[in-house]
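The values are calculated or read from the model by the stated rules, or taken from the named source; none is laboratory data. Fair warning: this is a prediction, and the values are worked out from it, not measured in the lab. Because the Cβ atoms are built from the backbone with ideal geometry, glycine has one as well, and the counts that use them run over all protein chains shown. Ligands, DNA and RNA are stripped out before the accessible areas are found, and what is left, the full protein with its side chains, is counted by its heavy atoms. Shrake-Rupley method; radii C 1.70, N 1.55, O 1.52, S 1.80 Å.
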There are 2 protein chains.
Amino acid sequence: MPHHRHVEQHASSPEIVRDIVIGMSDGLTVPFALAAGLSGAIANPRIVVLAGIAEIAAGSIAMGLGGYLAARTDEEHYQSELQREIDETRDMPEEEVAEVRKVFQGWGLTDQEIDPIAGTICSDEKRWVDFMMKFELGLEEPDPRRALYSAATIAASYIVGGLIPLSPYMMTGSVTEGLAWSVGVTIIALFVFGYLKGRFTGTKPLKGAVQTTVIGGVAAATAFWLARMFR
Amino acid sequence: MPHHRHVEQHASSPEIVRDIVIGMSDGLTVPFALAAGLSGAIANPRIVVLAGIAEIAAGSIAMGLGGYLAARTDEEHYQSELQREIDETRDMPEEEVAEVRKVFQGWGLTDQEIDPIAGTICSDEKRWVDFMMKFELGLEEPDPRRALYSAATIAASYIVGGLIPLSPYMMTGSVTEGLAWSVGVTIIALFVFGYLKGRFTGTKPLKGAVQTTVIGGVAAATAFWLARMFR
């Protein structure tokens, strides 16, 4: 039954996995590339570590707090549009019924076929407003509690991801040695992470692994080359 | 006519504005916070500039290339799900008709009312498959050409945003002076940007301005404090 396999596949990538993927792919990539870039221009691994820590703090806060506030704004936007639709079904019901009919006309139904449907949908205010929110405005009700968990998961994943490329620089006195270990460890981490990301999100794991590694590699090489130039 | 005002409001925030907002809010925030953080621990403004340039390169590539590849993966995912739905309407039409009926049952329609609707929708393969994609899977067809423009816009906005907090460090010999100007310039830029973002995306401009500024400020203060601690 391909259908049921499909449904399960969707169920196996819940939102927490998506949040970990979002936080960790940036967390592995950007601090890695920053540290590699600085290694092309600076001889002191302590400075690389300092910059990496500052980046991890900045990036995790921008993603976490930024994501949280954006989600709260979405929630407020949803609520104000919802109130507007409720008001409209009361103040100009004919126009709102016409909007419902228009959705079904778009699916090729005749006016005769639409009559009972529009009647049923518009007979219940909640159903009517829900229908308008989804089909006229394309808005799904956001979950405000999830916004906080989501922001915290993304920020934590960014921090965990960022500490992987940074840790070699913390354990060595030489930037060259730190860079070599950081490149090795991070390329493995990017590959494994991309593979798992592919598995959990339903795309081809190997392809995910190669993509994630290429993005990290291109970002690091560009940062390295630019920092050399401006050194 | 609140309805029409509403539609116009949606039309006034096209995807390019959304992309500029995505790139620039991170571009203004993260390089700003990184530079401010390093200023708490390092006396040489050239190193702050180097780290900032490496960060801008890393961040813009991670967001741009990462976003582009993610969009291409979405496109492939859509196409493979589309093919699966086409196959399913051919291989097990009864189950697929039942899925269509289920959507309408969820809106409170009786079986009698559903009969003509399901008949009309399932009489045309394209319409049937489109309906399943949208209502069973909740997938909208992605635009592959837009993915490239979108990635380029996000990356360019990140670079432009990132050069604003960084430029004061380029023009001074002292980190303290660079920091003071960078904080001043960037807080104004975050405020103006947040205000415009609010106007263009339909939320309250002043609220957007305060949020954007607070995120940048918290990120910068945390990075500064952390870099001081690990100095």
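Here the Kirkwood formula, the inverse mean of 1/r across different C-alpha pairs, assigns the stretch A:110-162 a hydrodynamic radius of 14.3 Å. Spin-label model, B:Glu140/A:Lys204: points 7 Å from Cα along the beta carbon direction are separated by 2.8 nm. Computed on chain A, the Cα convex hull volume stands at 169 Å³ per residue.
What number comes out for the charge environment of B:Ala209, summing +1 per Lys or Arg and -1 per Asp or Glu over other residues with Cβ under 13 Å away?
That works out to +4.
Counting charges near B:Gly59 (Lys, Arg +1; Asp, Glu -1) among other residues having Cβ under 13 Å from its Cβ returns a value of -4.
Over 28 Å between Cα atoms: which of A:Lys204/B:Lys134; A:Lys207/B:Lys102; A:Lys102/A:Lys204; B:Lys102/B:Lys204 fall into that group?
In this structure, A:Lys207/B:Lys102; A:Lys102/A:Lys204; B:Lys102/B:Lys204 exceed 28 Å between Cα atoms.
Backbone geometry of the stretch B:28-36 corresponds, through the Karplus equation with coefficients 6.51, -1.76 and 1.60 at θ = phi - 60°, to 3J(HN,Hα) couplings of 6, 7, 6, x, 4, 5, 4, 5, 4 Hz, x marking Gly and Pro. In chain A, helical runs assigned H by DSSP with n ≥ 4 each contribute -39500 (n - 2.57); averaged across all residues and rounded to the nearest 500, the mean residue ellipticity at 222 nm is -30000 deg cm²/dmol. Nonpolar atom fraction for chain B, defined as the carbon and sulfur part of the 1.4 Å probe accessible area, stands at 62 percent. Taking a straight Cα-Cα cut-off under 14 Å and skipping sequence neighbours fewer than 8 places away in the same chain, the aspartates and glutamates within cross-link reach of A:Lys197 are A:Glu15, A:Asp19, A:Asp26, B:Asp74. Rolling a 1.4 angstrom probe over the protein heavy atoms with all chains in place gives chain B an accessible area of 47 Å² per residue.
Surface burial for A against B, with a 1.4 Å probe and both sides summed, reaches about 5800 Å² of accessible area. Sorted from closest to farthest, the other copies place their B:Gly202 label points 2.7 nm away, with each point set 7 Å from Cα along Cα→Cβ. Axis-proximal residue of chain A for the rotation onto chain B, reported as residue and distance in whole Å: A:Ala51, 2, based on Cβ position. How large is the Rg to Rh ratio of the stretch A:80-177 when both quantities use alpha carbon positions and Rh follows Kirkwood? My calculation of the ratio gives 1.44. Histogrammed with a bin width of 10 Å, the alpha carbon distances of the stretch B:32-87 distribute as 21, 27, 18, 15, 11, 7, 1 percent, first bin at zero. Computed with a 1.4 Å probe over protein heavy atoms only, the accessible area of A:Glu177 comes to about 100 Å². Each copy carries a label point for A:Val17 at 7 Å from Cα toward Cβ; from one copy, the others' points are 3.6 nm away, ordered from shortest.
Put a label point 7 Å from Cα along the Cβ direction on A:Val214, then list its distances to the equivalent points in the other copies in nm, shortest first. Values, ascending and in nm: 4.1. At q = 0.10, 0.11, 0.22 Å⁻¹, work out log10 I(q)/I(0) for the stretch B:144-231 with the Debye formula, treating every Cα as an identical point scatterer and leaving solvent out; two decimals please. Each listed q maps to, in turn, -0.34, -0.41, -1.12. Put one equal scatterer on each alpha carbon of the stretch A:1-136, apply the Debye formula with no solvent term, and list log10 I(q)/I(0) at q = 0.14 1/Å to two decimals. Calculated log10 I(q)/I(0) at the listed q: -0.86.
Normalised size of the protein assembly as shown, defined as Cα radius of gyration per 2.2 N^0.38 Å with N residues, equals 1.12. Using the Cβ of A:Val30 as centre and a radius below 12 Å, the other residues enclosed give a net charge of -4, where K and R count +1 and D and E count -1.
Around the amide H of A:Gly108, modelled in the peptide plane, lies no amide H under 5 Å away from a residue 5 or more places distant or on another chain.
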